[in-house]
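Notes follow once the structure below has been shown.
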Amino acid sequence: MTFDRASALERLATEHFDVLVVGGGITGAGVALDAASRGLRTALAERDDFGSGTSSRSSKLVHGGLRYLSQGDYRLVAQALTERQRLLTNAPHLVRPLPFLVPSYGSRAGLRAVSSALWLYDLTGGFRIGRLHRRLSPADALTRAPALRADALAGAHLYLDAHGDDARLTLAVVRTAVLDHGAVAANHTRVACIRRGGATLEADGRTMEVDAAVVVSAAGVWADELATAGSPAVRARSIRPAKGVHVTVPAELVPIDVALVLKAPVDGRSVFVVPWPGTGRVYVGTTDTDYDGPLDAPTCTAAEVDYLLEAVNASLTTQLKPSDVVGAWAGLRPLVAGGRSGRRSTDLSRRHRVTRSPEGLVTVTGGKLTTYRAMAEDTVDEVQAALGQRRTRARTASLPLRGATSAEAPVAAGPASDVAATRHLVARYGSEARVVVAIVAADPALGEPLVPSLPYLRAEALYAVRYEMARTLDDVLARRTRALILARDASAAAAPAVADLLAAELGWSEAESAAQVDRYRAAADVERLAAASAS
Ligand SMILES: Cc1cc2nc3c(=O)[nH]c(=O)nc-3n(C[C@H](O)[C@H](O)[C@H](O)COP(=O)(O)OP(=O)(O)OC[C@H]3O[C@@H](n4cnc5c(N)ncnc54)[C@H](O)[C@@H]3O)c2cc1C
């Protein structure tokens, strides 16, 4: 098996599949892996890039969600905490424990309230990570997070949750489905129309019919836009998009080695300040607002930047300015619509829903990054019912994702041999880091940085094309590496050099390289301008 787009397109056009999954976000990726590992002939089509929708724009927390406890959603939290544990085991290179510190200011009543919430979190399943939460004195809290404001600090709590790069997790799930379980997956391949027994796909300017007994819609916030043959204009409102934004700042401005949970002064919502290990960056997020704008490429506005920076500045001695922001991203939660109208998006459940239409289209909506595996299990149960098959057990609960086998730790070579570079590669590729190391060993110049100030190597761009189906400059800079959100302007400046590197691999002409650079810079400009403009 190879993770190769040309052969995937060929197979999509010629083979019969039990199931075709529409959408290569974490939900569709999870469905493809579950279906393929149960032995179903499985295909997946993603119209843009794997993870390019919401699944590269989350808060990147693999967690139960403390706040859902206060909404009484114990079942969701318990399920998410079970899934967190599975990910820590099945993808230890991609999902890692991260300590969170919750400071309490003012009276001790605040401390007691946090303590009760964390006991409940531990009891609901948080304990499985191996350590219960604990209370810190103000002095201990300041040792862990010296940037905290000391005045009126009553104390803090420390608990463990987990963190992972959402885009790379999504890619790892797709690659596991393809390389280890025989699924067929192609990015930059749009499903134009779904019909009974398959769908019409568009890729590289050509159209093809895919023959699949069951089609699964895992199109996130775009689910209501999918056209089905016979009813192209159906616009059921099954999704309520809710927007959330994050901003990135250099780590030296917020010296922390734990994530912080702060209160936004404006509305009391929790805002996370998260150190992104190995990148030299800290990010702050998120907001949660109803959204009715265009679904493609939402942006972060100046008002949203101000909201997040105010939350940081109210609790830390650091005073962040909009000019300190080096990257930003906005995403849309595909929340399940329904219930009382007029409810705020913050109050809508993060649970998922699986439905089957009379025509046999299985649709999965809602959910969280953390719970993707459980969502996939429910969806494939429904697929098997649609196929008229006996339900078989999902195998994904204990299925390692690509790169998870620590026995194959890479041997560093050439300029990548220093400890930091090796650690960086292992955190991104696990045991597959050995392939990147071999690329550097063959040409030490490829051990140089891809974008100044970031840890990515030039060899990683080549690896992205050869082994991870990257097809565009944006695929490489926005998702295979996270250069766009970690250093927007530096990545735009480096774009021509990166395009030169990719051109030889992808057979780009000079004109195509220039067009790729223009498109990438234009998208970076849109983000920069949005963050500087009034909302
Ligand atoms: C701001 C924010 C913060 C969040 N933080 C967290 C968090 O910390 N932890 C957590 O667990 N969850 C979090 N979430 C939730 C989580 O990110 C989402 O639930 C999840 O990423 C949704 O994945 P998805 O695959 O359903 O959607 P998407 O990732 O959007 O995938 C849908 C895909 O379908 C594709 N598609 C659409 N139409 C077609 C078509 N016609 N043909 C082919 N492909 C098509 C799209 O291109 C897209 O890639 C957060 C969400 C947001 C917005």
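The values are calculated or read from the model by the stated rules, or taken from the named source; none is laboratory data. Remember, predicted model here, so these are calculated numbers, not experimental data. Note: ideal-geometry Cβ built from the backbone for every residue, glycine included; neighbour counts use all protein chains shown.
Checking each residue in region 22-51 for being buried (at least 24 other Cβ atoms within 10 Å of the Cβ) and at positive phi picks out G23, G51. When only residues in region 57-77 that are at positive phi and of a type in the set (G, A, S) count, which is farthest from the ligand (Cβ to nearest atom)? Result: G72. Checking the stated criteria, D4 turns out not to satisfy the condition of being crowded, with 20+ Cβ neighbours inside 10 Å, more than 16 Å from the ligand (Cβ to nearest atom) and more than 24 Å from A330 (Cβ to Cβ).
Checked against (1) crowded, with 19+ Cβ neighbours inside 10 Å; (2) modelled with pLDDT of 95 or more, E15 passes all but condition (1). Residues that are within 19 Å of the chain's Cα centre (by Cα) and either within 11 Å of the ligand (Cβ to nearest atom) or among the polar types (S, T, N, Q) (or both) within region 33-47 comprise L44, A45, E46, R47, listed in sequence order. When R479, R458 are checked against the criterion of being in contact with a strand residue (DSSP E or B) (Cβ under 8 Å, 6 or more places away or on another chain) and crowded, with 18+ Cβ neighbours inside 10 Å, R458 stands alone in meeting it. For region 180-201, a residue qualifies if it is within 10 Å of the ligand (Cβ to nearest atom), surrounded by fewer than 21 Cβ atoms within 10 Å (Cβ to Cβ) and either hydrophobic (A, V, I, L, M, F, W, C) or at pLDDT below 95 (or both), and the qualifying residues are A192, C193.
The residue that is nearest to L262 (Cα to Cα), counting only those in region 277-319 that are acidic (D, E) and in a helix (DSSP H, G or I), is E310.
Condition check ((1) of a type outside the set (V, I, T); (2) farther than 26 Å from W276 by Cβ; (3) modelled with pLDDT under 95) across all residues:
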residue	(1), (2), (3)
S491	yes, no, no
L502	yes, no, no
L506	yes, yes, no
A511	yes, yes, no
A515	yes, yes, no
D518	yes, yes, no
V526	no, no, yes
L529	yes, no, yes
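Residues in region 202-227 that are near the ligand (Cβ under 9 Å from one of its atoms) and among the charged types (D, E, K, R) were compared, and the one that is modelled with the lowest pLDDT is E225. A single entry from T54, T14, T82 fulfils the requirement of being in contact with a helix residue (DSSP H, G or I) (Cβ under 7 Å, 6 or more places away or on another chain) and either at negative phi or near the ligand (Cβ under 8 Å from one of its atoms) (or both): T54.
From S513, S509, which residue is among the polar types (S, T, N, Q) and exposed (fewer than 14 other Cβ atoms within 10 Å of the Cβ)? Of the residues listed, the single one that is among the polar types (S, T, N, Q) and exposed (fewer than 14 other Cβ atoms within 10 Å of the Cβ) is S509.
Among the candidates L316, L335, L262, L320, the residue that is more than 14 Å from the ligand (Cβ to nearest atom), farther than 30 Å from A493 by Cβ and crowded, with 17+ Cβ neighbours inside 10 Å is uniquely L262. In summary, A495 fulfils each of the numbered conditions (1) free of Cβ contacts under 8 Å to residues at least 40 places away in the same chain; (2) among the hydrophobic types (A, V, I, L, M, F, W, C); (3) surrounded by fewer than 17 Cβ atoms within 10 Å (Cβ to Cβ) with the single exception of condition (3).
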